[in-house]
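The structure appears right after this line, and notes come after that.
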Amino acid sequence: MTSEKCVECGSFLKVYDINFQTGRKVMRCEQCGLLHIYKKDILGRWRIVRATRPMPHEQKQKEES
């Protein structure tokens, strides 16, 4: 199994959120905080959809829960 790395800085990613019903997962870079959104393809492998910066209010919500 290959470990995912950040598209910006090359650091390792940590699972931030995962939803098996929709087939999506969000991983966060440990160094720069960039969010990487993945979707399961037809063969069941995770494919990156996009990488984005988190919104400030999202970070506060996640930290509170």
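No value in this document is a laboratory result; all are computed from the given coordinates. As the structure is a prediction and not an experimental result, all values here were calculated from the model. As a convention, Cβ positions derive from the backbone with ideal geometry for all residues, glycine included, and neighbour counts pool all protein chains shown.
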Kindly indicate whether Gly33 is closer than 12 Å to Val7 by Cα and part of a loop (DSSP other than H, G, I, E, B).
yes
For the range 33-45, pairs from a residue that is within 15 Å of Thr22 (Cβ to Cβ) to a residue that is loosely packed, with under 14 Cβ neighbours inside 10 Å and among the aromatic types (Phe, Trp, Tyr), with Cβ under 9 Å and 6 or more apart or across chains, are Lys40/Phe20
Residues of the range 1-30 satisfying the condition of being without any contact (Cβ under 8 Å) to a residue 12 or more places away in the chain and part of a loop (DSSP other than H, G, I, E, B)
Met1, Thr2, Ser3, Gly10, Phe20, Gln21, Thr22
Tell me which residues, restricted to the range 1-47, are at positive phi and surrounded by 10 or more Cβ atoms within 10 Å (Cβ to Cβ).
Gly10, Gly23, Gly33
